[in-house]
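Data first, discussion second: the structure below is written as structure tokens.
The values are calculated or read from the model by the stated rules, or taken from the named source; none is laboratory data. As the structure is a computational prediction, the values presented were derived from the model and not from experiment. Quick reminder, even Gly has a Cβ in these numbers, built from the backbone with ideal geometry, and neighbours come from all protein chains shown. Accessible surface is based on the protein model in full, side chains and every heavy atom, while ligands, DNA and RNA are left aside. Shrake-Rupley method; radii C 1.70, N 1.55, O 1.52, S 1.80 Å.
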Amino acid sequence: MAASSSGRLAGICSLKDKISLGYSNVFCGSFATSACHHAQPQIKRKASPQLVGVVGLEIHAQIYASTKLFSSSQVCFSSPPNSSVSFFDAALPGTLPVLNRRCVEAAVMTGLALGCTINKRSLFDRKHYFYADLPAGYQITQQRLPIAVGGRLSYSHLVGRKRNQVVDKNVRIKQIQLEQDSGKSLHDSYRSQTLIDLNRAGVGLMELVLEPDMSCGEEAAAAVRELQLILQALGTCQGNMSEGQLRVDANVSVHRPGEPLGVRTEVKNINSARFLARAIDYELQRQMAVVEGGGTVLNETRAFDFKSGQTVPMRDKEGLQDYRFMPEPNLPPLILYERETVPAHTDPRQVVLVDQLQEQLPELPRVTRDRLVTTYGILPEHSFTLVNEDGLVDYFVGVVQQTRAEPKKVIGWVLNDLLGLLKQQCLTVSQSPVSPNALAELLDLLEAGSISSPAAKLVLQELWKGSGKSAKHIVEEQGLGLMRDRSEIQQVCRRVIDSHPDEVSALRAGNKNVLNKLIGQVRKQTKGRADPQLVRAILEEELSRPPFHGETT
Amino acid sequence: MVSPGQRQRHLDLGTGGGRGCEGASSGAVCLCLCRCPRPCGGGRVSPTELCTRCLEQVKRTGFLNAFVTVTEEQALRQASEAERRFLEGRSLTASPLTHRDRSPPPGKPRGPLDGIPFSVKDNFCTENIETTCASHMLKGYFPPYTATVVQKLLDQGAVLIGKTNLDEFAMGAGSTDGVFGPVRNPWSYSAQYRERPGVDPRSDWVITGGSSGGSAAAVASLGSFLALGSDSGGSTRNPGALCGLVALKPTYGLLSRHGLIPLVNSMDVPGILVRSADDAATALGVLRGLDVRDSTTIPPPAAPPHLPDDIDIARIRVGIPKEYHAPGLSAETLCQWGRVADLLERGGASVEQVSLPHTQHSIVCYHVLCTAEVASNMARFDGLQYGHRSEVNDSTEALYAATCHEGFNDVVRRRILAGNYFLLKRNYERYFMKAQKVRRLIAQDFARVFRDGVDVLLTPTTLGDAVRYCDFIQEDNRTRSAQEDVFTQPVNMAGLPAVTVPTALSSRGLPISLQLIGRASHDWQLLGVAKWLEQRLEFPAIQLPQDVSQAEREAGVPGRVRTSVL
């Protein structure tokens, strides 16, 4: 607290930024399947307006950094228990926190990406509670003056029967604060003991507080999904919910519009975006039933049980705890600078420059989507799918740049065929056995009319096997090239006409739809190699001739 | 460090030549670092001999209860290493080394502290050496690392004699409230005190003050040349004053707190207990500096390698804060205060009265801030990772409760309770916030006075000389802390440097000391004024009896010295 020590960012360890740009995690998540108004529970009453849900979120994002927030222990998800614990992490007496520069930068970048005001001066506080996996008896957090305040998360979700209508929404961000993660307790009920793993203790977290601007589970899930993408684009958090890198607690209440907000509950223990939507919707429905039934909602913490799909009260009395907040005396105020304001003779390793980080911000998902739509003319909903899948944008752009095929055609192949195969085998884009190059070559063959579309699908299947053969090679080897010889196709068509007298009669009787069936038969017999337009023309020509009844009878 | 001039006149140890050395007439050790082994060959005593003499003295004065652990084996090993450096260094050109030379080539003395025996308060972590904080809670705790300031001394080749006694977790002003029992002030056994009529050494021994009483006793009884204490509200200056030492509380942030088991993080500083201002400057030069492990350390100011011998105080403006004329100030201390103020004035300094109006609120403000940080800092002693662990294991909560109850004494537990009360949501603003505001006002008082041109403030360090143990314990720890810290405590609120200098013996034959308070980071200026005073005050050296074991018998206590297992 010495006056002399304020006004600078002291003791930051000079860590090299070890963040790679590739992400090892891919998210198989997709948007919730029901539109908001479907999920929104509705209980109508004649006398008063309908109850609506109010949802706010508290999100803990583990900062993607090589070391912890206040110590130089490595951060690693699956290392052996207690293998990554410094003296400080174990709260040995006499140890002091040393702020990790990388974590500060991550929080500033996240704040900038979300349009927050970055506090040039922020403070650290101690939040006290006794728990076995909190070795110091307090968590260092930013209760009074967090690093970033007042931002906005813009997200979109898809509605409509075909899920092709994009609805844009905003949720205000109250603040982003830096804080320490706790360790993990493993309860061994058989031996009635608790085992403590401190590997996670002290890992840097960004707590993001999202204002109650959402009204249902799907909106919340969409907001979290968008946040996940932003954090991944920034590289500030890997965002994997199942590994606990992104943890979401929901504050849920119901009220009638125009009336004060209702009593809220906090729903915890949610480890996927899908469960988040379900947990919130269940909780909204439960609260509405309580209010409609004349009861009162209790201010409590509830846990989501994903097996039953319900929320159940948690026994702990966290709501009643007095955290006895206190300024953290071992950390001077965190001061951030801009190039213009940085004091002379300051060690550059000790300084975080906000304007520099602003310039280094990567393209955010929303911008990427807009760019894809305007540059390639693809549908907005397709831009979502591309951006949601890690690496798929680059893949798509890679194919487009190497093929003569239209982007609108490419998108179908990438989203339906390639992504379908990847999903089937639970592979990430980077693990795809078909490179953008190979797919581009295949699409070129299709575009040049060398193969038919069905044949191209067969070639893709072959490419997927990863034999190393090129598309052209496969086409030649398997004789999948387009049949263009008119007499050859004519022969096949005649065979089909001869073997389908019923269909021919129906056609002649005026049922034009039957022609498609005959075309399908021809395609089948030519393994899809026949030029479909030629087939149609020949069939029509053959059928337009009068039947040779006289000859045959 | 020592000026070249001084380095020329090396003295044989124990010859009694020069100031203070008659005190070492038993042949133990001399008083100041300046007469210790020097690279340039003037020293007459080898590091091993010096270490051995200190260890012998520690044993002879074991009844003082100054040490919790004596690291004899390690000390002898370190001393022999220092000795090897001196022997090999004879042939090399002697050049004074700065503290930056952390790993000089072997065979070259490492600097002014190479081979110098020192002690450390037992709330500094020392790797593989038990660190107890004089508490059941940390009995048997062997830290896996060494505090930065201790490491700096070890890196300089200084020889660790042992870990010194204190009040439990440094909470106290008497060094009477630790689990190892009270520390006895060496002056209790001095000729100066004992030869007064009516003194019964069996019951009339006086306290050292605290909480760094063990460190003060170790240096005052000539068992070490230098000791580290800690100072959150006066814990270094108070025992330093009562034991007749020069005790420096440096500017907050000048010395690293990494490895110092905290009392009040925002006020704690490692303190330096020595027998002269020169020694304090030498130690400060070695100990200061930024530490990446302590984010509150500040870049050290440029400082001279040693204090000059001819100090000019003509341009120094000395402030006498009128509020320090507090109730309970002894007549003798008041008299010394006046005498020294006159001395300074005669020396050419301008002496003026100043006002620090908020100082009177310092103690109550400290009480709130201290207990709040204590409550927070003590939360980690839950018995799970280290330290005492209760047998009670009905539940985790029961284990916590029992561990704290068994591990901490009443003083610690009361402060935890009070601190948690002040931090409750409903009380935070009324107590903690208000105390912080008062703290700022106190700091602003100092800032204003210094801005107005005052260089140093001269105040008493304690109300009077050391109190008899049997009188001291008539009041509880809380009352005593409030009384004893009254002059020392405001400095910690403001993070300023302060040094206590012994001025004279009281009519009882015990040291009376005054305190100098300086601007932040002006520690050397402060020590310069301290040295100027030291040169003129001629404070007598302690006269311990030839046969200290006689004192021990009279004291009626067995010497309790524990040797660490390494």
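Summary table
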| quantity | calculated |
| --- | --- |
| Reachable lysines, given that their alpha-carbon falls under 30 Å from the alpha-carbon of A:Lys184 and they are not under 8 places away in the same chain | A:Lys16, A:Lys18, A:Lys68, A:Lys127, A:Lys174, A:Lys268, A:Lys307, A:Lys317, B:Lys139, B:Lys425 |
| Where N is the number of residues in region A:430-553, Cα Rg divided by 2.2 N^0.38 Å | 1.31 |
| Net charge over other residues, Cβ less than 12 angstrom from the Cβ of B:Leu505 (K, R count +1; D, E count -1) | -2 |
| Net dipole in debye of region B:400-547 [+1 Lys, Arg Cβ; -1 Asp, Glu Cβ; about Cα centre; nearest 20] | 920 debye |
| Cut-off 11 Å between beta-carbons: net charge of the residues surrounding B:Ala220, Lys and Arg +1, Asp and Glu -1 | +2 |
| Heavy atoms of A:Asp347: accessible area, 1.4 Å probe, square angstrom to 10 | 50 Å² |
| Partner chain coverage, peptide B:382-388 - average Cβ within 10 angstrom | 4 |
| Loop-located trypsin sites (Lys or Arg not before Pro) in region B:248-350, at most 14 other Cβ atoms within 10 Å (DSSP) | B:Arg315 |
| Where Rh is the Kirkwood radius over Cα pairs, Rg/Rh for chain A | 1.11 |
| Nearest 10 degrees, 0 to 90: helix A:436-447 Cα axis against chain A principal axis | 30 degrees |
| Cα convex hull of region A:365-478 - mean projected area over all directions, nm² | 6.6 nm² |
| Degrees separating the helix A:217-234 axis from the principal Cα axis of chain A, which is the longest one | 80 degrees |
| Equivalent ellipsoid dimensions for region A:104-201 as semi-axes, Å, which come from the Cα gyration tensor, largest first | 35, 24, 10 |
| Long-range tail of P(r) for chain B (Cα pairs > 33 Å, %) | 37 percent |
| Amide proton proximity set for A:Met214, modelled H, under 5 Å, gap of 5+ | A:Val55 |
| Heavy-atom accessible surface of region A:486-552: percent carbon and sulfur, 1.4 Å | 48 percent |
| Pairwise Cα inverse-distance average, inverted: Kirkwood Rh of region B:219-301 (Å) | 12.8 Å |
| For chain B, the longest site-free run once GluC sites (Glu not before Pro) in DSSP loop states with at most 15 other Cβ atoms within 10 Å are removed | B:196-390 |
| Centre separation in Å (Cα based) which lies between region B:108-157 and region B:411-463 | 30 Å |
| Rounded, prolate or oblate (a/c below 1.5 giving rounded, otherwise prolate when a/b exceeds b/c) for region B:273-430 by Cα gyration tensor | prolate |
| Per-residue SASA entry for A:Val108, accessible area with 1.4 Å probe, Å² rounded to 10 | 0 Å² |
| Chain B, accessible surface, carbon-and-sulfur percent (1.4 angstrom probe) | 51 percent |
| Rg followed by Dmax, in Å, when region A:221-327 is reduced to its Cα trace | 15.8, 48 |
| Spherically averaged projected area in nm², based on the convex hull that wraps the Cα atoms of the protein assembly as shown | 59.3 nm² |
| Buried accessible area, chains B and A (both chains, 1.4 Å probe, Å² to nearest 100) | 3200 Å² |
| Helical segments meeting 18 Å axial Cα length and Kyte-Doolittle 0.0 threshold in chain B (DSSP H) | B:362-377, B:410-423 |
| Region B:360-437 - charge dipole about Cα centre, Lys and Arg +1 at Cβ, Asp and Glu -1, debye rounded to 20 | 540 debye |
| Region B:485-525 and region A:346-400: distance between their alpha carbon centers, rounded to Å | 62 Å |
| Surface per residue (accessible, 1.4 Å probe) for region A:486-552, Å² | 64 Å² |
| Rounded D (µm²/s) - region A:486-552, Kirkwood Rh over Cα pairs, Stokes-Einstein at 25 °C, 0.890 mPa s | 204 µm²/s |
| Tensor-based shape of region B:404-554 (alpha-carbon gyration tensor, a/c under 1.5 rounded, otherwise prolate or oblate) | oblate |
| Long pairs among B:Lys108/B:Lys531; A:Lys162/A:Lys524; A:Lys162/A:Lys409, criterion Cα-Cα beyond 26 Å | B:Lys108/B:Lys531; A:Lys162/A:Lys524 |
| Candidate residues B:Asp476, B:Asp382, A:Asp188, B:Asp310: accessible-area rank, largest first, probe 1.4 Å | B:Asp310, B:Asp476, A:Asp188, B:Asp382 |
| Residue-count net charge about B:Gln474 - beta-carbon cut-off 13 Å; Lys, Arg +1, Asp, Glu -1 | -1 |
| Exposure of A:Phe325 as accessible area (Å², to 10), given a probe of 1.4 Å and all protein chains | 50 Å² |
| Within region A:486-552: Cβ-based charge dipole about Cα centre, in debye rounded to nearest 20 (Lys, Arg +1; Asp, Glu -1) | 300 debye |
| Furthest towards positive pole of dipole, B:Ser212, A:Thr117, B:Cys470, structure part the protein assembly as shown, Cβ charges | A:Thr117 |
